[in-house]
Amino acid sequence: MIINLITGKRDYMQPPSEMTEELRSMSNHPSVQQMLKYTFIGSKATVKNKVKAFIEETQIDELIAVSHIYDHQDRIKSYVFFAEIMKELNIIA
């Protein structure tokens with residue numbers, strides 16, 4: 001999706017595909033790296049640690065979660081996990 005934004009080929013979310021060498025090399029582009037700077041990917045524990053560190057570092061008082069996941073059920077699952085993480089961090093009631 002990010003590659004399409006950079007190249008001007010905006011389109012609907014596409015199903016996952018294999019990572020090609022071309023995509024792998026493009027993922028190192030500074031524009032892509034900047035867009036992914038505050039991306040939290042991994043297990044629930046990993047994401048929790050990254051979110052906690054981010055909040056402590058930035059002292060933010062609001063966080064907006066965006067999830068670009070093709071499968072609708074996986075997207076919902078991601079938001080449920082994120083809500084659980086935020087509750088565990090005592091960020092939301």
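For the reader, a short list of remarks on this structure follows.
- Test: residue in segment 47-58 that is modelled with pLDDT under 90, outside any loop (DSSP other than H, G, I, E, B) and β-branched (Val, Ile, Thr): no
- If you go through segment 70-85 and keep only what is among the charged types (D, E, K, R), more than 14 Å from the chain's Cα centre (by Cα) and under 21 Å from Ile2 (Cβ atoms), you end up with just Asp71.
- For segment 54-75, the set of residues classified as farther than 21 Å from Asn90 by Cα and either in contact with a Lys or Arg (Cβ under 6 Å, 6 or more places away or on another chain) or aliphatic (A, V, I, L, M) (or both) consists of Ser67, Ile69, listed by residue number.
- Filter result (loosely packed, with under 10 Cβ neighbours inside 10 Å, under 27 Å from Asn4 (Cα atoms) and small (Gly, Ala, Ser)) within segment 37-69: Ser43
- Any hit, segment 18-36, residues being open to solvent by less than 100 Å² (accessible area, probe 1.4 Å), part of a helix (DSSP H, G or I) and either farther than 26 Å from Met1 by Cα or modelled with pLDDT of 95 or more (or both): no
- The condition of being touching an Asp or Glu at 6+ places or on another chain (Cβ under 7 Å) and charged (D, E, K, R) holds for only one of Lys37, Lys48, Lys77, Lys52, that being Lys48.
- Matching residues in segment 1-17 - criterion: being polar (S, T, N, Q) and either loosely packed, with under 10 Cβ neighbours inside 10 Å or in contact (Cβ under 8 Å) with a residue 12 or more places away in the chain (or both): Thr7, Gln14, Ser17
The values are calculated or read from the model by the stated rules, or taken from the named source; none is laboratory data. Keep in mind that what you see is a predicted model, and the values were worked out from it rather than measured. FYI the Cβ positions are ideal-geometry reconstructions off the backbone, even for glycines, and counts take in every protein chain you see. The protein model used for the area step is the full one, side chains on, heavy atoms only, and it has no ligands, DNA or RNA in it. Shrake-Rupley method; radii C 1.70, N 1.55, O 1.52, S 1.80 Å.
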